[in-house]
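Colleague: Before we start, here is the structure in question, set down as structure tokens.
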Amino acid sequence: MGDTANKNVLQLRDVKKIFSHGTIDEVTALNGINLTVQEQDFISIIGSNGAGKSTMLNVIAGVFPPERGGKVIIDGDDVTNLPEYRHSAYTGRVWQEPQVGTASKMTIEENLAMAYLRGKKRGLKAASNKELRALFREALKQLGLGLEDRLNAPVGTLSGGQRQSLSLVMATISKPAILLLDEHIATLDPKTAQTVLKLSKMIIDKEKMTTMMVTHNMEIALRFGNRLVMMHRGKVIVDIGEERKNTLTINDLVNAFEQASGEKFDDDSVLLSHR
Ligand SMILES: Nc1ncnc2c1ncn2[C@@H]1O[C@H](COP(=O)(O)OP(=O)(O)O)[C@@H](O)[C@H]1O
Ligand SMILES: [Mg+2]
């Protein structure tokens, strides 16, 4: 035990989120989430469209707080009501749309500097521009995309795959406690998606990142991570650990869904893709 004891990086306690409270449009997006994420967990998250996956990541990233009574604890700190900018020291994030995480008109270097400063924890020694550039170059070089030689290129000139890869570096450069990936390969063509997925895995392993990755693809969810969480109607309905996950098939997942939800698995309404 000692240093190798499992450490809780994230705890969600009775996290609820209701949109448009008290109106005809009221939606319960999260309906009492309890989840404990341990250091170096890599959780694949799947679930029907509208299940609350993005809302859960938004609460973790501090985009909005949960309803009163819910708690978000990261690295032992209660961050439930911290403003979003203060969450950046705890969370790094890559969104579905390549445009969202990066600023088109700014250069690769400026984007990285912004991400680095945003996530910088108090007390971290200030690095010189030269040191920072070396850090950025090294981080980009491992992608194998040649971006380290294009530090002055505006990010708008990059392809979708290059941009998502840059987003991955930006999300991890200041070593946040948790990496949040929200369908970050969904808009890429299949080949590029596989490349970005491979790069994600490489960075996660190298930086020993604790990771939550939302995907709509059950096969990817089975292939990646040590844990699989399924959400439905604002709840975690299935949470499978490494040992069982390793033997799981897509069929098992469908059965697990039907058993836990009491609903028929239906590709049209559930929108979990086999492809
Ligand atoms: N900002 C918002 N305002 C109003 N309703 C929202 C907002 N964000 C999400 N919702 C609603 O909350 C539910 C869960 O959405 P979301 O978390 O995006 O689902 P998922 O990512 O699993 O597809 C959906 O019914 C969605 O329409
Ligand atoms: Mg979503």
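Bear in mind that the values in this text are calculations on the coordinates, not laboratory data. Owing to the predicted nature of the structure, the values given are computational and were not obtained by experimental measurement. Neighbour counts run over all protein chains shown; Cβ positions are idealised from the backbone, glycine included.
Colleague: Quick one: dipole size for the chain, taken about the Cα centre, charges +1 on Lys/Arg Cβ and -1 on Asp/Glu Cβ, in debye to the nearest 20. Kindly include the intermediate steps, with their values, before the conclusion.
Modeller: Values: 35 positive and 33 negative charges, 189 e Å.
Using Cβ point charges on Lys, Arg, Asp and Glu, the chain gives about 900 debye.
Colleague: Let me ask you something else. Hey, got the dipole for the stretch 120-275? About the Cα centre, +1 on K and R Cβ, -1 on D and E Cβ, debye to the nearest 20?
Modeller: Numbers: 24 positive and 19 negative charges, 219 e Å.
For this selection, approximately 1060 debye.
Colleague: If you consider only alpha-carbon coordinates, what radius of gyration and Dmax does the stretch 59-147 have, in Å?
Modeller: According to the Cα coordinates of the stretch 59-147, Rg and Dmax are 15.6, 48 Å.
Colleague: A follow-up question, please. Under 5 Å between amide hydrogens, which residues at least 5 positions from Gly47 or on another chain qualify, with H placed 1.01 Å from N in the peptide plane?
Modeller: For Gly47, whose amide H was placed from the backbone, the distant partners under 5 Å are Met231.
Colleague: Hey, another quick one. Taking the chain, how much of its Cα-Cα pair set, in percent, is spaced more than 27 angstrom apart? All intermediate terms of the calculation are to be shown ahead of the outcome.
Modeller: Values: 15061 of 37675 pairs.
Of all Cα-Cα pairs in the chain, 40 percent lie more than 27 Å apart.
Colleague: Between the helical axis of 129-141 and the dominant principal axis of the chain, each derived from Cα atoms, what acute angle in degrees is found, rounded to the nearest 10?
Modeller: Here the helix axis deviates by roughly 50 degrees.
Colleague: Checking the table Lys71/Lys105; Lys53/Lys141; Lys198/Lys245; Lys17/Lys105 against a 28 Å threshold on Cα-Cα, which pairs fail?
Modeller: Numbers: Lys71/Lys105 37 Å; Lys53/Lys141 32 Å; Lys198/Lys245 20 Å; Lys17/Lys105 35 Å.
In this structure, Lys71/Lys105; Lys53/Lys141; Lys17/Lys105 exceed 28 Å between Cα atoms.
Colleague: In whole Hz and in residue order, list the ³J(HN,Hα) couplings for the stretch 10-19 that follow from phi through the Karplus curve 6.51 cos²θ - 1.76 cosθ + 1.60, θ = phi - 60°; x for Gly and Pro.
Modeller: Going residue by residue, I get 9, 10, 10, 10, 6, 7, 10, 9, 10, 9 Hz, with x marking Gly and Pro.
Colleague: If one takes the longest principal axis of the Cα atoms in the chain, at what angle in degrees, from 0 to 90 and to the nearest 10, does the Cα axis of helix 250-261 lie?
Modeller: Approximately 60 degrees, to the nearest 10.
Colleague: Of the candidates Asn255, Asn81, Asn217, which one comes out as most mobile in a Gaussian network treatment of the chain with C-alpha springs shorter than 10 Å?
Modeller: Maximum among the listed residues: Asn255.
Colleague: A further question follows. Taking 7 Å along the Cα-to-C-beta vector as the label spot, tell me the Lys198-Asp25 distance in nanometres, rounded to one decimal.
Modeller: 4.4 nm
Colleague: May I pose another question? Can you tell me the convex hull volume per residue for the stretch 1-135, based on C-alpha atoms, in Å³ to the nearest whole number? If you can, show how the numbers build up before the last one.
Modeller: On the way: hull volume 22.0 nm³, N = 135.
Each residue corresponds to 163 Å³ of Cα convex hull volume.
Colleague: With n ≥ 4 as the cut-off for DSSP H runs, can you work out [θ] at 222 nm for the chain, using -39500 (n - 2.57) per run divided by the number of residues, rounded to the nearest 500?
Modeller: On the way: 11 runs with 98 residues, N = 275.
Per the formula, -10000 deg cm²/dmol.
Colleague: In nanometres, what is the gap between the two model label sites at Arg244 and Arg133, each 7 Å from Cα along Cα-to-Cβ?
Modeller: 5.3 nm
Colleague: Looking at the chain as a GNM with Cα springs under 10 Å, which of Leu188, Leu166, Leu132 has the largest mean-square fluctuation?
Modeller: Leu132
Colleague: Under the Kirkwood approximation applied to all pairs of distinct alpha-carbon atoms, what is the hydrodynamic radius of the stretch 132-275 in Å?
Modeller: Numbers: mean 1/r = 0.0593 Å⁻¹.
Final number for the Kirkwood radius of the stretch 132-275 is 16.9 Å.
Colleague: Related question: Between Pro176, Met56, Ile250, whose Cα lies farthest towards the positive end of the dipole of the stretch 2-270 when Lys and Arg beta carbons carry +1 and Asp and Glu beta carbons carry -1, centred on the Cα centre?
Modeller: Pro176
Colleague: Relative contact order for the stretch 1-144: what is it in percent, counting Cα pairs under 8 Å that are at least 6 residues apart? Kindly include the intermediate steps, with their values, before the conclusion.
Modeller: On the way: 164 pairs, mean separation 27.8, N = 144.
This gives 19 percent for the stretch 1-144.
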